[in-house]
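Written below as structure tokens is the structure these notes are about.
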Amino acid sequence: MSREEANPESDRYDDAPHPRQTLALFGHAAAEHEFLDAYRRNKMAQAWIIGGPEGVGKATLAWRLARFLLAHPEPAAAAVQSAESLATPADHPATRRIASMALADIFLLRRAWNDKTKKHFTEIRIEDVRKVIQAFHQASGTGGWRIAIVDCADDLNRASANALLKLIEEPPQRSLFLLIAHQPGRMLPTIRSRCRRLMLGALSPEDTIAAVKSLGSPWSQAPESDLLVAAARAEGSVREALRLLGDDGVAFDAAVRRLFDRLPQVDWLGAHMLADKLTGRDNEAAYETFMRATQRHLDSRVRALAQTGAAPSRLARYASAWDAIRDAARETEVFNFDKRALVLGIFDRLAKAEGG
């Protein structure tokens, strides 16, 4: 195990199995068959953007495809032509080797661990991309596919994105790039133009519950009533459902919603109490839940106003608020600013967006 693998992984949620270790896929049979059909016909694009909301299974699908290609490197093989899905048996050598990252031809590009700060870097750096480029051009260890998984492309900065673009434009033979993106529209247009796009939608509550249960203990032992509430509020995201199932996640989410429902009036006492709760490294899950709830609130308000024919200028206020909140959150993380000020600033921006 490498030093990086011994550190917390930026693309893994808490103690849940990593997507490369997750064999079950829920709710995305159509997307899976699109990959399978392209591979069978030997029409596999060399670069794909797998887009959609956070936590709906994009990385799980990417790793599922990688396992299948390594287990079946020839698209004309009978096993490929007769396959009904991209599933690979748990006892297959490709499954075991991918789970342990013991393959020379699989490259994972993600936010690296910063030994100085004991946190992950806030972006995928150009030096991270250069390491992958160097390794990617080395001789294939198996003579099969070279596969690069980017989790996620939203974390690329302009320099690292341009470096990745060069690799996508001039790859070795039998190369495949799987770019996971929560917001594909924010990627470089030059990268988007060279990728086939496959968008995944939110999971149904039933699929969300099934996915949570498939992860094993302790989530599979959660009371059914808690699972139902978490699945309903997670809006199709397994990651968000896991957050809600942790500690007092459901109650915390309800408290945040009550604060948002009062806007444009701000309950400053409640906002200050919330800000105090989100301060500190031990409250990362609650902080992520709050940031996701903020995004959901803005999204729902824009959708509701658009349906009532609101003026574009009013809708633009919410877009501006989200851009400002996102930039402030990134600065807070990069410079280790106090999250208390960020949270209070978010309520101020939301109130102004609501009130005009």
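Worth a mention:
- The stretch 1-23: number of residues that are modelled with pLDDT of 90 or more and over 25 Å from P89 (Cβ atoms): 1
- Of the candidates S204, S175, S160, the single residue that is at pLDDT 95 or above, of a type outside the set (A, V, I, L, M, F, W, C) and over 23 Å from A16 (Cβ atoms) is S160.
- Those helices (runs of 4 or more DSSP H) lying entirely in the stretch 45-118 with at least 2 residues within 23 Å of H182 (Cα to Cα): 58-71
- For the stretch 104-134, the set of residues classified as out of contact with any strand residue (DSSP E or B) (no Cβ under 6 Å at 6 or more places or on another chain), among the hydrophobic types (A, V, I, L, M, F, W, C) and open to solvent by less than 30 Å² (accessible area, probe 1.4 Å) consists of A112, V129, listed by residue number.
- Only one of the listed residues (A321, A286) is over 26 Å from I124 (Cβ atoms), of a type outside the set (D, E, K, R) and in contact (Cβ under 8 Å) with a residue 12 or more places away in the chain. That residue is A321.
- Listed by first and then second residue, the pairs with beta-carbon distance under 7 Å, at least 6 apart or on different chains, first residue in the stretch 14-42 and open to solvent by less than 60 Å² (accessible area, probe 1.4 Å), second among the aromatic types (F, W, Y) and part of a helix (DSSP H, G or I), are P19/W63; R20/W63.
Rundown of residues vs (1) open to solvent by 20 Å² or more (accessible area, probe 1.4 Å); (2) closer than 21 Å to P19 by Cα, yes/no style:
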position: A45; (1), (2): yes, no
position: I50; (1), (2): no, yes
position: G57; (1), (2): no, yes
position: L65; (1), (2): no, yes
position: L70; (1), (2): yes, yes
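The values are calculated or read from the model by the stated rules, or taken from the named source; none is laboratory data. Keep in mind that this is a model prediction, so the values were computed, not measured. In this analysis, Cβ positions are derived from the backbone assuming ideal geometry, glycine residues included, and neighbour counts consider all displayed protein chains. Areas reflect the complete protein model, heavy atoms only, side chains present, ligands, DNA and RNA absent. Shrake-Rupley method; radii C 1.70, N 1.55, O 1.52, S 1.80 Å.
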